1. Looking at region 33-69, which of its residues are surrounded by 15 or more Cβ atoms within 10 Å (Cβ to Cβ) and in a loop (DSSP other than H, G, I, E, B)?
2. Look through region 16-32, keep the residues that are among the polar types (S, T, N, Q) and part of a loop (DSSP other than H, G, I, E, B), and return whichever of them is modelled with the lowest pLDDT.
3. Cβ-Cβ distance below 8 Å, separation of 6 or more or different chains: which pairs start in region 52-81 with a residue that is on the phi > 0 side of the Ramachandran plot and end on one that is modelled with pLDDT under 95?
4. Kindly check whether there is at least one residue in region 78-85 that is surrounded by fewer than 14 Cβ atoms within 10 Å (Cβ to Cβ), at pLDDT 95 or above and not in a loop (DSSP other than H, G, I, E, B).
5. Could you list all residues from region 19-49 that are touching a residue at least 60 places away in the same chain (Cβ under 8 Å) and on the phi > 0 side of the Ramachandran plot?
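The values are calculated or read from the model by the stated rules, or taken from the named source; none is laboratory data. Quantities reported herein were computed from a predicted structural model and do not represent experimental measurements. Because the Cβ atoms are built from the backbone with ideal geometry, glycine has one as well, and the counts that use them run over all protein chains shown.
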Amino acid sequence: MATVVAKVSKSVHRIFVGNLPWTVGHQELRGYFKEFGRVLSANVIFDKKTGCSKGYGFVSFNSLTALEKIENEQKHILEGNYLNIQKS
């Protein structure tokens with residue numbers, strides 16, 4: 001008797017978010033994008049020497065639907081800045 005094992009592949013969909021205000025941290029980034037779908041991770045990149053934001057980050061989702069919702073929205077504005085969003 002043959003046993004069939006089904007592998008469930010969990011795909012992660014990631015975006016680059018540029019032009020972040022320097023006041024935005026991980027929590028604010030997650031908070032903005034959670035309206036589009038379940039956020040797996042949201043990371044703002046900080047300068048190691050100064051501790052200041054470099055103005056960009058990455059957000060990961062577990063569904064392609066979230067990315068489609070993000071693409072369908074014309075403008076993304078966070079704390080007054082227009083965000084630059086690209087798939088990564």
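1. PHE36, GLY37, SER63
2. Out of the qualifying residues, it is THR23.
3. GLY55/TRP22; GLU79/THR23
4. Within region 78-85, one or more residues are surrounded by fewer than 14 Cβ atoms within 10 Å (Cβ to Cβ), at pLDDT 95 or above and not in a loop (DSSP other than H, G, I, E, B).
5. ASN19
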